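Below is one structure, written out as structure tokens; comments come after it.
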Amino acid sequence: MLRLGIDIDGTVTDPQTFLPYLNQSFKKSLTYQDLTQYDLTKVYNITDADFWSWMDEFEPIIYKEAPLALHAKEVLDEWKDMYQLMFISARRKHLMEITNQWFKDKDLFYHHIELIGSHDKLAAVKENNISIFFEDKHDNACMINEEHSIPVILFNTPYNQDPIPKGVIRVNNWREAKKWVQQWTEIKI
């Protein structure tokens, strides 16, 4: 059974989730298309200290209320008996209870959830013997592909538009991801 490594935020959750909270807190009216960098301190012109202070306050609320990405539940529900669904997130470990509750509230199945508290997912990918990874952060996608020689599905966003290597596959939604995985597994069999 293939082990799918799946990021949570911006991949399973809607990538626009943080936008209204950020706009309200920092008195901006940016659109999703304005989020051309993953580093929100640069987008909102705030310090790292201000950002992390804000995250400490709003992260639990945002993660509790985050909507699912388009077609995520539909596809993941189809996959739950076909593949091992291994969620590997940069979320900080103290958010595990909120994360588990969100999965329960969304009726979203998982085999494993790991909050590593860092964007460096290389060790977790290796330890969990991941076959395909699903990500929205450009440099993570490239590093995982290059380090582990596995395909990485990169969900298309305004903040991940840099060029990608051959083993990183850009998709617009979960149905496109599903189609690519079906084609890839047919070739591998």
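The values are calculated or read from the model by the stated rules, or taken from the named source; none is laboratory data. Since we're looking at a predicted model, the values are computed, not measured. Note that each Cβ is placed from the backbone with ideal geometry, even for glycine, and that neighbours are counted across all protein chains shown.
So here's what we get for this one:
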{"read-out": "Positions within the range 35-64 being under 19 Å from the mean Cα position of the chain (by Cα), surrounded by 12 or more Cβ atoms within 10 Å (Cβ to Cβ) and among the charged types (D, E, K, R), in sequence order", "value": "59, 64"}
{"read-out": "Single unsatisfied condition, residue 152 versus (1) in contact (Cβ under 8 Å) with a residue 24 or more places away in the chain; (2) crowded, with 18+ Cβ neighbours inside 10 Å", "value": "(1)"}
{"read-out": "Every residue from the range 57-94 that is farther than 22 Å from residue 139 by Cβ and hydrophobic (A, V, I, L, M, F, W, C)", "value": "58, 61, 62, 66, 68, 70, 72, 75, 76, 79, 82, 85"}
{"read-out": "Members of the range 157-189 found to be free of Cβ contacts under 8 Å to residues at least 12 places away in the same chain and under 19 Å from the mean Cα position of the chain (by Cα), listed by number", "value": "163, 176, 179"}
{"read-out": "Residue 67 closer than 12 Å to residue 8 by Cα, surrounded by fewer than 18 Cβ atoms within 10 Å (Cβ to Cβ) and modelled with pLDDT of 95 or more", "value": "yes"}
{"read-out": "Any hit, the range 139-146, residues being modelled with pLDDT under 95, surrounded by fewer than 16 Cβ atoms within 10 Å (Cβ to Cβ) and within 15 Å of the chain's Cα centre (by Cα)", "value": "no"}
{"read-out": "Qualifying residue in the range 33-49 (condition: of a type in the set (D, E, K, R) and either modelled with pLDDT under 95 or closer than 18 Å to residue 156 by Cα (or both))", "value": "yes"}
{"read-out": "Among residues of the range 172-189, those that are among the β-branched types (Val, Ile, Thr) and surrounded by 17 or more Cβ atoms within 10 Å (Cβ to Cβ), counted", "value": "1"}
{"read-out": "Selection status of residue 156, at pLDDT 95 or above, touching a Phe, Trp or Tyr at 6+ places or on another chain (Cβ under 8 Å) and within 22 Å of residue 15 (Cα to Cα)", "value": "no"}
{"read-out": "Tabulated pairs, the range 28-42, first free of Cβ contacts under 8 Å to residues at least 60 places away in the same chain and more than 18 Å from residue 162 (Cβ to Cβ), second of a type outside the set (Phe, Trp, Tyr) and surrounded by fewer than 12 Cβ atoms within 10 Å (Cβ to Cβ), C-beta under 8 angstrom, 6+ apart or interchain", "value": "41/47; 41/48"}
{"read-out": "Single unsatisfied condition, residue 82 versus (1) in contact with a strand residue (DSSP E or B) (Cβ under 8 Å, 6 or more places away or on another chain); (2) surrounded by fewer than 20 Cβ atoms within 10 Å (Cβ to Cβ)", "value": "(1)"}
{"read-out": "Of all residues making up the range 75-122, the number that are over 15 Å from residue 134 (Cβ atoms) and hydroxyl-bearing (Ser, Thr, Tyr)", "value": "2"}
{"read-out": "Extreme residue, surrounded by the fewest Cβ atoms within 10 Å (Cβ to Cβ), among residues of the range 121-136 that are touching a helix residue (DSSP H, G or I) at 6+ places or on another chain (Cβ under 8 Å) and charged (D, E, K, R)", "value": "126"}
